[in-house]
Amino acid sequence: MSESQQLQQHPLIAHKLSLLRNACVKPKQFRELVTELGILIGYQATANMDLIETKQLESPVASFTGVKIKDTVAIFPIMRAGLGLVEPLLTLIPSARVHHLGLYREH
């Protein structure tokens, strides 16, 4: 496995994957599981994103310096299977841009 790949070992991810892979799962439940997995995987995938300070803000308790994600985020769903992960990732990062690549094969 290369350095850019990660094996997801989180117990909730393993549990949801087991449910998803069951041949008896109905389409509605499948879509719900893909959404849940997208949020869990997206949470882990964004753990090391760089942040930058924004401005001083006020909470009910004290003032604090706000932060935001440093870089522009783009989502590239791979084939049809990746399309189900777009909405959960946009839930986590609403400002992300979604790009679609068109590919074809010559037979």
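The values are calculated or read from the model by the stated rules, or taken from the named source; none is laboratory data. Remember, it's a predicted structure, so these values are computed and weren't measured experimentally. Here the Cβ is made from the backbone with ideal geometry for all residues, glycine too, and neighbour counts use every protein chain on show. The accessibility values were calculated without ligands, DNA or RNA, using every heavy atom of the protein model including side chains. Shrake-Rupley method; radii C 1.70, N 1.55, O 1.52, S 1.80 Å.
Quick rundown of the values:
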read-out: Debye log10 I(q)/I(0) for the chain, one point scatterer per Cα, at q = 0.11, 0.17, 0.23, 0.25 Å⁻¹; value: -0.51, -0.98, -1.31, -1.39
read-out: Nearest 10 degrees, 0 to 90: helix 11-21 Cα axis against the chain principal axis; value: 30
read-out: Residue 17 accessible area, 1.4 Å probe, all protein chains in place, Å² to nearest 10; value: 70
read-out: Two-site label geometry, residue 52 and residue 99: point separation in nm, points 7 Å out along Cα→Cβ; value: 2.0
read-out: Rounded to 10°, Cα long-axis angle of helix 27-45 versus longest principal axis of the chain; value: 40
read-out: Peptides 80-89, 46-55 ordered by average Cβ neighbours within 10 Å, highest first; value: 80-89, 46-55
read-out: Loop-located chymotrypsin sites (Phe, Trp or Tyr not before Pro) in the stretch 21-107 whose Cβ has at most 10 other Cβ within 10 Å (DSSP); value: 104
